[in-house]
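Here is the structure we will look at.
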Amino acid sequence: MNVKEYNQSVDLYSDNVFRFILKNIKDEERARDIVQDSYEKLWRNAENVSFDKVKSYLFTTAYHTMIDVLRKDKRQTFMADYQIPEDVHDRQYSDLSEILNDAVKLLPDIQRTVVLLRDYEGYSYKEIGDITELSEAQVKVYIYRARIFLKNYIGKMEVVV
């Protein structure tokens, strides 16, 4: 990859990588640092990365950098740490995206990551597996569990609308 392609990758993918990391860690400054670290790693490894694969490389690098940051801060969360409401919410909502964002924040890190990559970024199960170093079956299981949690959290659609 040359300098022109590198600059083009910054223009094309930096916002998407930033949004992906920000949705996961909810700290804007750290998300910026992770994106910057990812581009720095890309620059150092530019001769080994073709422009066709730069998007996948950036998301993979950013994901692994984010995991390193989370491990360093010992901010791992697990599904058992959260109480899933047994009943549905009985109040009326007007902003479904706000409810969905709140629900996504409650997901364990790995489930949040795979759901964001699948539903927000549009990656295939195989691509998500490559990025997260999970098997395709594991990715499907995590997405299924996350969607079940989100469904139970949000409740019935007529309550939300």
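The values are calculated or read from the model by the stated rules, or taken from the named source; none is laboratory data. Everything quoted here is computed from the prediction, not taken from an experiment. All Cβ positions, even for glycine, are placed from backbone atoms using ideal geometry, and neighbour counts span all protein chains on display.
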At pLDDT below 90 and assigned to a helix (DSSP H, G or I): is that true of LEU42 in this structure? no
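Among the residues of the stretch 28-46, are any among the aromatic types (Phe, Trp, Tyr) and loosely packed, with under 15 Cβ neighbours inside 10 Å?
yes
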Residue check: is VAL104 at pLDDT 90 or above, closer than 23 Å to ILE25 by Cβ and hydrophobic (A, V, I, L, M, F, W, C)? no
Could you give every pair whose Cβ atoms fall below 6 Å, whose first residue belongs to the stretch 7-19 and is within 15 Å of ARG32 (Cβ to Cβ), and whose second residue is crowded, with 18+ Cβ neighbours inside 10 Å, counting only separations of at least 6 or pairs across chains? TYR13/LEU58; VAL17/VAL35; VAL17/LEU58; VAL17/ALA62; PHE18/ALA31; PHE18/VAL35
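Do the conditions hold for VAL159, that is, is it at pLDDT below 90 and surrounded by fewer than 16 Cβ atoms within 10 Å (Cβ to Cβ)?
Yes; evaluated as a whole, the condition is true for this residue.
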